[in-house]
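So the structure is just underneath, and the comments pick up after that.
The values are calculated or read from the model by the stated rules, or taken from the named source; none is laboratory data. Note that this is a predicted model, so its numbers are computed, not measured. FYI the Cβ positions are ideal-geometry reconstructions off the backbone, even for glycines, and counts take in every protein chain you see.
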Amino acid sequence: MKKRVYIIYTGGTIGMTPTADGYVPAPGYLAEQIRAMPELASDLMPEVDIHEYSPLLDSANMTPADWHKIASDIGSHYKQYDGFIVLHGTDTMAYTASALAFMLQGLRKPVILTGSQIPLCEVRNDARANIITALTIAANFDIPEVCLCFGNQLLRGCRSVKLSADGLDAFASPNLPPLGEIGVDIRINWELTQPAPPVDSILRVHELIPVSIGALPLWPGISAEVVRNFLQPPLKGLILKAYGVGNGPTNNREFLSALEEAASRGAVIVDCTQCLRGSVHLEDYATGSALAKVGVISGFDMTTEAALAKLAYLFSQNLSVDEIRRLMQTNLRGELTC
Ligand code: ASP
């Protein structure tokens with residue numbers, strides 16, 4: 001029996017057409033093109049249903065409300081389909097993939113985000129191959145997690161980052177090898193995929209409540225005033241993008257005080273590295289341990305995208321600040337190595 005895959009089209013370059021202002025999503029266009037693809041007649045392809053959102057969005061315009069719409073849509077069609085594809089703009093795809101990983105708890109079926117750098121309407125494009133590959137994986141491999149499929153790689157969603165503004169291999173997961181390599185064959189690295197939850201487990205779709213969180217990169221000379229202003233209420237959580245293994249300008253007493261004041265009033269300050277690869281180790285240098293002493297916690301090797309999504313998710317769970325701090329440093333969906 002043919003597998004069934006539910007395709008959600010949210011917008012993004014993949015289904016855009018050119019206008020005088022640049023590319024914009026064209027309602028109806030992509031769904032029509034996908035339905036007409038001769039490849040869909042193959043036995044290797046699943047039966048598909050396509051749900052096009054309205055309005056279609058450039059992903060630069062997406063917010064957590066859009067993540068919620070996607071997560072609920074997957075939740076309400078979960079039983080009827082074997083896999084899910086989310087066609088999405090590339091600009092914020094890694095954020096959505098990270099958020100969905102936290103919002104969809106107990107996932108036993110693949111949820112695969114993909115898009116393209118060149119729209120399907122162009123003669124030379126990466127849209128067609130990305131759609132066919134995502135469909136092939138969703139129909140033939142029971143990977144129980146949120147993934148991002150792009151170019152020749154299948155990545156864990158909550159480990160992925162957009163690496164290139166114009167390359168066709170636009171994404172990477174710098175701290176985790178790809179879950180799958182797409183070449184002549186599709187090779188899944190099963191030893192890396194998340195374990196499937198028990199057969200009778202029920203998918204839980206978590207809602208995100210609006211919460212004030214942010215990310216701030218350090219730079220040489222950043223003023224304590226900027227940090228203090230950034231940390232003003234209602235800010236509840238901050239991803240501090242620090243240097244190397246998590247270091248900062250700790251000879252600046254005012255900088256440390258700004259962090260300490262915020263942490264002691266309950267702000268969750270998570271240290272993630274500005275480096276693309278590697279992990280935070282606050283104890284390695286005095287410039288890291290001083291941050292830990294004023295209440296900054298380690299984000300280990302989480303991407304900024306995953307750390308922000310995780311903060312939003314944990315602040316929506318009615319947890320104490322101590323529990324949020326503990327869980328930020330605990331692996332929940334394969335987002336960190338510690
Ligand atoms: N601006 C587009 C978007 O993120 C870029 C893309 O899809 O490649 O929606």
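Regarding residue 250, is this residue in contact (Cβ under 8 Å) with a residue 24 or more places away in the chain, part of a helix (DSSP H, G or I), over 18 Å from residue 330 (Cα atoms) and β-branched (Val, Ile, Thr)? So residue 250 does not fit the description; no.
Among the residues examined, residue 7 does not qualify as within 12 Å of the ligand (Cβ to nearest atom), out of contact with any His (no Cβ under 6 Å at 6 or more places or on another chain) and either under 19 Å from residue 114 (Cβ atoms) or in contact (Cβ under 8 Å) with a residue 24 or more places away in the chain (or both).
Do we have residue 13 as within 11 Å of the ligand (Cβ to nearest atom) and either β-branched (Val, Ile, Thr) or touching an Asp or Glu at 6+ places or on another chain (Cβ under 6 Å) (or both) here? The answer is yes for residue 13. Taken over the stretch 41-61, the residue count meeting the criterion of being closer than 17 Å to residue 27 by Cα and within 13 Å of the ligand (Cβ to nearest atom) is 7. Does the stretch 75-88 contain any residue that is part of a loop (DSSP other than H, G, I, E, B), more than 16 Å from the ligand (Cβ to nearest atom) and either under 22 Å from residue 170 (Cα atoms) or in contact with a Phe, Trp or Tyr (Cβ under 7 Å, 6 or more places away or on another chain) (or both)? Looking for residues that are part of a loop (DSSP other than H, G, I, E, B), more than 16 Å from the ligand (Cβ to nearest atom) and either under 22 Å from residue 170 (Cα atoms) or in contact with a Phe, Trp or Tyr (Cβ under 7 Å, 6 or more places away or on another chain) (or both), one finds at least one in the stretch 75-88, hence yes. What do you reckon, is residue 70 within 13 Å of the ligand (Cβ to nearest atom) and buried (at least 23 other Cβ atoms within 10 Å of the Cβ)? No, not satisfied.
Has the stretch 261-273 got at least one residue that is in contact with a His (Cβ under 8 Å, 6 or more places away or on another chain), on the phi < 0 side of the Ramachandran plot and crowded, with 20+ Cβ neighbours inside 10 Å? No. Of all strands (runs of 3 or more DSSP E) completely enclosed by the stretch 114-225, which ones contain at least 2 residues that are closer than 30 Å to residue 250 by Cβ and within 18 Å of the chain's Cα centre (by Cα)? Qualifying strands (runs of 3 or more DSSP E): 213-217. When 185, 200, 166 are checked against the criterion of being surrounded by fewer than 15 Cβ atoms within 10 Å (Cβ to Cβ), more than 19 Å from residue 84 (Cα to Cα) and at pLDDT below 95, 200 stands alone in meeting it. Here 146, 111, 123 are screened, and the one residue that is within 30 Å of residue 19 (Cβ to Cβ) and more than 15 Å from the ligand (Cβ to nearest atom) is 123. Could you tell me whether the stretch 35-45 includes any residue that is acidic (Asp, Glu) and either farther than 25 Å from residue 180 by Cβ or at pLDDT 95 or above (or both)? Looking for residues that are acidic (Asp, Glu) and either farther than 25 Å from residue 180 by Cβ or at pLDDT 95 or above (or both), one finds none in the stretch 35-45, hence no. When the criteria are applied in full, residue 277 meets the requirement of being basic (Lys, Arg), in contact (Cβ under 8 Å) with a residue 60 or more places away in the chain, over 21 Å from residue 210 (Cβ atoms) and surrounded by fewer than 23 Cβ atoms within 10 Å (Cβ to Cβ).
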